[in-house]
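Quick note: the coordinates plus some simple rules give every number you see, no bench work behind them. Keep in mind it's a predicted model, so treat the numbers as computed, not measured. Counting neighbours? That spans all protein chains shown, and the Cβs are built from the backbone with ideal geometry, glycine included.
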Amino acid sequence: PTLVCTKNGAPYATTGGAVTLAADKDAVVCTLTNREIDGQIHVDKAPKHQSVFSDGTAHYTYAVTNPGTTPIHDVAVTDDKCSPLTLVAAGKGGDTTPDTLDPADTWQYECSVPAATLFAASNADVTNTVTANGKDELDKPVTDTDTAVTHLLAKVTIKKVVSNPVDGAGPAFGFASD
């Protein structure tokens, strides 16, 4: 809430939301403005589905926004299967408050993880979760999550082996796989 007081049209001092009236007979007019604190955070992870070869790398991008009406501070973004996340763009261009995620801001992050690390425990599809946390101006925690699924592709190598060449028709060939 905001308390603004005037005395004879001039600003009148308030201390900690309290007004001390003087003994004179002049009127003090005060206006109390109360607004809703709507702190929110939203994270979007892309791609939602991807496939990588066993010797490849999974790449993710993250967009963190504030759909609320108040700035968010102490923003932290983590992914349970990919780290570290790198902040590649923040703010809205010429951002005057780079330490807070304002309602018009988008903070963009990237992360890459080798398939060998991502699929170290199993070859089954991996669902990983990104979490964005922060605090509104009253230090109330705000959080959001998003997921993505990564599929491991089998890598097949084919070798050409020439066997029993046939005259006039060109060589016949067979295949062997590793």
Report the charge-dipole magnitude of segment 11-159 in Debye, nearest 20, computed about the Cα centre from +1 at each Lys and Arg Cβ and -1 at each Asp and Glu Cβ.
620 debye
I want the antiparallel fraction of DSSP beta bridges within the chain, as a percent rounded to 5.
90 percent
For segment 74-126, what are Rg and Dmax over the alpha carbons, in angstrom?
15.2, 46
Estimated FRET transfer efficiency (residue 129, residue 96; beta-carbon r; R0 30 Å; 0.05)
0.40
Listed residues 20, 106, 57, most fluctuating in the chain (Gaussian network, C-alpha, under 10 Å)
20
Mean-square fluctuation check for the chain, GNM, Cα pairs under 10 Å: which of 68, 91, 16 is largest?
16
In segment 1-95, which trypsin sites (Lys or Arg not before Pro) fall in coil by DSSP and have 16 or fewer other Cβ atoms within 10 Å?
25, 35, 48, 92
Please work out the Cα convex hull volume for the chain and give it in Å³ per residue.
155 Å³
Cut-off 10 angstrom, C-alpha nodes, Gaussian network model of the chain. Which of 30, 111, 82 fluctuates the most?
30
Need one number: nm distance between label points at residue 154 and residue 61, each 7 Å from Cα along Cα→Cβ, rounded to one decimal.
3.3 nm
FRET efficiency (residue 78, residue 20; Cβ distance; R0 45 Å; to 0.05) is 0.40
Counting Lys and Arg as +1 and Asp and Glu as -1 over every other residue whose Cβ sits under 12 Å from the Cβ of residue 127, the net charge comes to -1
Evaluate the charge dipole of segment 1-87 about its Cα centre and quote only its size in Debye, nearest 20, assuming +1 on the Cβ of each Lys and Arg and -1 on the Cβ of each Asp and Glu.
200 debye
